[in-house]
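One structure is given below, encoded as structure tokens.
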Amino acid sequence: MLRKLPATRLLRRGNGGVRIAVVGGVLLAVVGAPLALGAGEGGTIRGGSRNPSFDQSQQYRSETQIIADNSTYGTRQSNKGSGGGAIYGCRSVSSSPACISSVNLNTGNAFSFSTDGKVGGVILLHDKTGAPLTTNATGVATGFNANFLQGKQASDFVPASQASSFAQTGQLLFAVVSQAGALTANRGATGAAQTGAQAYTVTFNANISKCAITASPLGQALTTGSIGVAAESANPNIVDVSAPSVLAQGFNVQVMC
């Protein structure tokens, strides 16, 4: 379409249906038919600005592709200041593509992160009960530490360095304690003490708070009640033992983890 402009004089129709006009002494070519482009497509990328503009009607309606053919990287984004290098945002829902997708069509890495800091990165979920990531891989992730495993805290598990003292050829931890609170035999126990008329503590060389603990009297069976046991909350290596009556010959403690 040819718009009427001040001091404009139509000269002639050129090849391809292009009209040539003189506007203020400057030659202009006005294309008879508009180009078949999207709202903001076809424009120049402007540095330091929002592209294509803040006008939502000018937003890109089709995918913008940058294709390279080299042995390094197709594009590079860097910030020499103290800020970040790039921000990628989207409005993707659970059934749509992810905001960022890195696909290697060959056998190299699909992604690589590095930093001089102490924290490599952060994954935040609005729903804290969700999974930070999933994978179909079953191999060992070398150096990958996790505080949760199958919904359990790391403290719920016995470290391998302690587990070796819990079982020697299938044998369990135990302690034989006299009526006065002295260790007379043990495996993995480091001490015992009488803390009351019918109360004792037995200390082991590892955390036994997640283990099954039992105790039984030496010699004649108790006529009333039974011996109670519990791991101390202040020190998970210690077992508190209490009896309904005086343990004249002492008692046994068994620990199974």
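The residue that is surrounded by the fewest Cβ atoms within 10 Å (Cβ to Cβ), counting only those in segment 219-242 that are modelled with pLDDT of 90 or more and not in a strand (DSSP E or B), is A234. Of all residues in segment 102-142, those that are open to solvent by 100 Å² or more (accessible area, probe 1.4 Å) and either among the charged types (D, E, K, R) or outside any loop (DSSP other than H, G, I, E, B) (or both) total 3.
Out of all the residues in segment 181-191, which are open to solvent by 30 Å² or more (accessible area, probe 1.4 Å) and free of Cβ contacts under 8 Å to residues at least 60 places away in the same chain? Selection gives A182, L183, A185, N186, R187, T190. Quick check: is even one residue across segment 33-51 modelled with pLDDT of 80 or more, under 22 Å from I123 (Cα atoms) and basic (K, R)? No: zero hits.
Residues in segment 58-101 that are open to solvent by 100 Å² or more (accessible area, probe 1.4 Å) and either of a type in the set (A, V, I, L, M) or touching a residue at least 24 places away in the same chain (Cβ under 8 Å) (or both): I66, I67, I87, I100. The residue list S165, S209, S245, S216 contains one member that is polar (S, T, N, Q), modelled with pLDDT under 95, open to solvent by less than 60 Å² (accessible area, probe 1.4 Å) and part of a strand (DSSP E or B), which is S216. In segment 197-206, of all residues being part of a loop (DSSP other than H, G, I, E, B) and touching a helix residue (DSSP H, G or I) at 6+ places or on another chain (Cβ under 9 Å), the one that is nearest to G250 (Cα to Cα) corresponds to N205.
The values are calculated or read from the model by the stated rules, or taken from the named source; none is laboratory data. Fair warning: this is a prediction, and the values are worked out from it, not measured in the lab. Cβ: placed from backbone, ideal geometry, glycine included. Neighbour counts: every protein chain shown. Accessible surface areas use protein heavy atoms only, side chains included; no ligands, DNA or RNA. Shrake-Rupley method; radii C 1.70, N 1.55, O 1.52, S 1.80 Å.
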